[in-house]
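The values are calculated or read from the model by the stated rules, or taken from the named source; none is laboratory data. Small disclaimer: the values here were computed from a predicted structure and weren't measured. Cβ placement follows ideal geometry from the backbone for every residue including glycine, while neighbour counts extend to all protein chains displayed. Each accessible area value is taken on the protein alone, full model and side chains, heavy atoms only, with ligands, DNA and RNA left out. Shrake-Rupley method; radii C 1.70, N 1.55, O 1.52, S 1.80 Å.
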Amino acid sequence: MKRWITTTDHKRIGLLYFWTAFCFFLVGGLEALLIRLQLAQPNGHLVSAETYNQLFTMHGTTMVFLALMPLSASFFNYIVPLQIGARDVAFPRLNAFSYWVFLLGGLLLNASWLVGPLFHAPHWNVAPNGGWFGYANLTERQFSPGPNIDFWLLGLQILGISSLAAGFNFIVTILNMRAPGMKMLRVPAFSWMTLVTQFLVITAFPVITVGLVFLMFDRFFGTHFYVATAGATPLLWQHLFWLFGHPEVYILILPAMGIVSEVLPTFARKPLFGYTVVVFSGVLIGFMGWGVWSHHMFAVGLGPIADSVFAGTTMLIAVPTGVKIFNWIATLWGGDIRGSTALHFAVGFIAMFIIGGLSGVTHASPPADLQQTDTYYVVAHIHYVLFGGTVLGLFAGIYYWWPKMTGRLLGESLGKWHFWLTFVGMNLAFFPMHLIGLLGMPRRIYTYTPELGVSALNLVSTVGAFLIAVAILVFLVNVLRTRTHGRPAPNDPWGGATLEWSIPSPPPVYNFSVIPTVASRLPRWKTERHEPMRDPPAVPPAPIHVPPGSWWPLIAALGLPVLALAPLTHTLWLAFLGAAILLVGIYRWAFEPFEA
């Protein structure tokens, strides 16, 4: 236990990220099932209006910040150093700090379900209830007097610190720690998309931090950054939130695109078609993602010029995304395809992401968007992108890299059941929402009347959600069965082209006995100009220093939730205690001997 708590090994931190994020994924899924049960029939009475507001707020917040982002981070941690031929990330202790801050921030957010009596609330739950987007001025103290929004804004600020720490770490790792010979255009597609994602993280999260600090000052110190009657405008929050929020969508989808760009070539037995175009289209998406945020705001009255500009940029960003899709299809075309579970999820990703992208293009037209905004059509769109896209992509990565991470292969027959139940379930759950929205059902309402004419569609959607839950149970059975009965994995069970397949499964603590020298973009495959590289020797020729464990990242991270408790409980001494823990942790961390 001590080794896990004090670890600075990127592989162990990757596994900690994975299992923590997967637990939060299950929590977010449970919240989704309660939402769907409430909406399964008209005039539902399963939960109250207040609890429903908390459920959909926490479902969105949990899935975006506590499940999908950190699930991607688990692969960043485990796989990227292996792909670029490094022994660890650039800053191993900062990596550990990032994980512990994420865990403590997630626990603080979810503690709001259980601590109502401490705040003299009539119920156990004082969970955030203003939507995952926290629109002003609903979040002002006048309209949300309880601690609900306080938990949300303080929790998100803590999670932002975790994301920024990881972002800087991976940028330095990928730019500075590549193996000899690995030029930037020899870096694997997944590591490239990781790099683009981290640049988005370190530029987008400061924007939401500014918005959250303004909101914190409004709620705790009586300022009026978002209060219209004081001469401010609630639209300031929308601009700040969506200026962060749209790059955030690409923070969530680009890692899945990178995974698919690794899985398809391996199981088609041919190189990624147009690798350079795939890389640069990812970079272009990163840049263009900053110019489309106001398509979330077509209904607020920005005026015809602003609406026209953002309509144009939104249509334009479909181009580099479409380019990637054609590249993936061309990679499969004429390949020696092996229908593994990982490939099923990767191809499912392409199909579902096309549907999500096409419904997104309909949002690019302001007149059409005015009909769709705040209806279930938008809910359908985001779930086709983030479930059909990100979640299917992440499962492709799980089945692909599981043998490398654990030393055992997941069962293929159970994997296929998992895929088809997920694929059918998600389409049953989310496709009817397009029609539910176009028929006039607003999002974020906890009940509806039979006269709306969407009862049958809502029931189908609920059945689909439970089918997804069954699929996740099948996956968990597969994981548990693999622990005892899984086939042991060799170094390279798939015939992969990249460096992570040249070392044992799971890798030794030092990763590579000898740092490899890379001569081509596909170092383990024979190409017209290069023979496949030799795998590193099984035993290092000389002793290898690896970073030691450290308690100080965890201790420093503990200071942040204590700091957050000060405004939550209006207790000044907690602020000094939290700051002291944080500063002592950082000081001792800074002066800890590197060879300890």
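Observations
- Mean-position separation - Cα centroids, the range 247-282 and the range 304-328, in angstrom: 18 Å
- For the chain: lysine pairs under 30 Å (alpha-carbon distance), excluding those fewer than 8 apart on one chain: 21
- Segments 172-179, 333-340 sorted - mean Cβ within 10 Å per residue, highest first: 172-179, 333-340
- Point-to-point label distance, Val213-Val283, nm (Cα→Cβ direction, 7 Å offset): 3.1 nm
- Scalar couplings 3J(HN,Hα) for the range 77-91, obtained by applying the Karplus form with A = 6.51, B = -1.76, C = 1.60 to θ = phi - 60°, are 5, 6, 8, 4, x, 5, 5, 9, x, 9, 8, 6, 6, 5, 10 Hz; x denotes Gly and Pro.
- Built amide H within the under 5 Å cut-off of Arg408, gap 5+: Ala489
- Helical content alone sets the calculated 222 nm signal of the chain at -21500 deg cm²/dmol, taking -39,500 (n - 2.57) per DSSP H segment of four or more residues and averaging over every residue.
- Cα gyration tensor shape for the range 244-349, rounded if a/c is under 1.5, else prolate or oblate: prolate
- Projecting label points 7 angstrom from Cα along Cα→Cβ for Arg487 and His45 puts them 5.5 nm apart.
- Cβ charges +1 (Lys, Arg) and -1 (Asp, Glu), total dipole of the chain, debye: 1560 debye
- Summed residue charge, Cβ within 14 Å of Pro271's Cβ, Lys/Arg positive, Asp/Glu negative: +4
- FRET efficiency for Cys23 and His123, using Cβ-Cβ distance with R0 set to 30 Å, rounded to 0.05: 0.80
- According to the Kirkwood relation over distinct C-alpha pairs, the hydrodynamic radius of the range 362-439 is 14.4 Å.
- The fraction of accessible area contributed by carbon and sulfur in the chain is 72 percent, rounded to a whole number (1.4 Å probe; ligands and nucleic acids excluded).
- For a paramagnetic label modelled on Leu439 (point 7 Å from Cα along Cα→Cβ), amide N atoms under 13 Å away belong, within the range 448-471, to 448-462.
- Near-label residues of the range 364-390 by backbone N, under 18 Å of a point 7 Å along Cα→Cβ of Ile305: none
- In this structure, Ile5 and Glu451 have a Cβ-Cβ separation that, at R0 = 56 Å, corresponds to a calculated FRET efficiency of about 0.45.
- Distant-in-sequence amide H partners of Thr375 (H built 1.01 Å from N, under 5 Å): Arg443
- Counting 0.36 nm for each residue step from Leu316 to Ala579 and taking away their Cα separation leaves a gain of 90.1 nm.
- Each residue, Ser413 and Ala351, gets one label point 7 Å from its Cα in the Cβ direction; the gap between the two is 2.3 nm.
- Residue-wise HN-Hα couplings along the range 474-482, as the Karplus relation 6.51 cos²θ - 1.76 cosθ + 1.60 with θ = phi - 60° gives them from phi, are 4, 4, 5, 4, 4, 5, 5, 5, 5 Hz; Gly and Pro carry x.
- Per residue accessible area of the range 1-157, 1.4 Å probe, in Å²: 33 Å²
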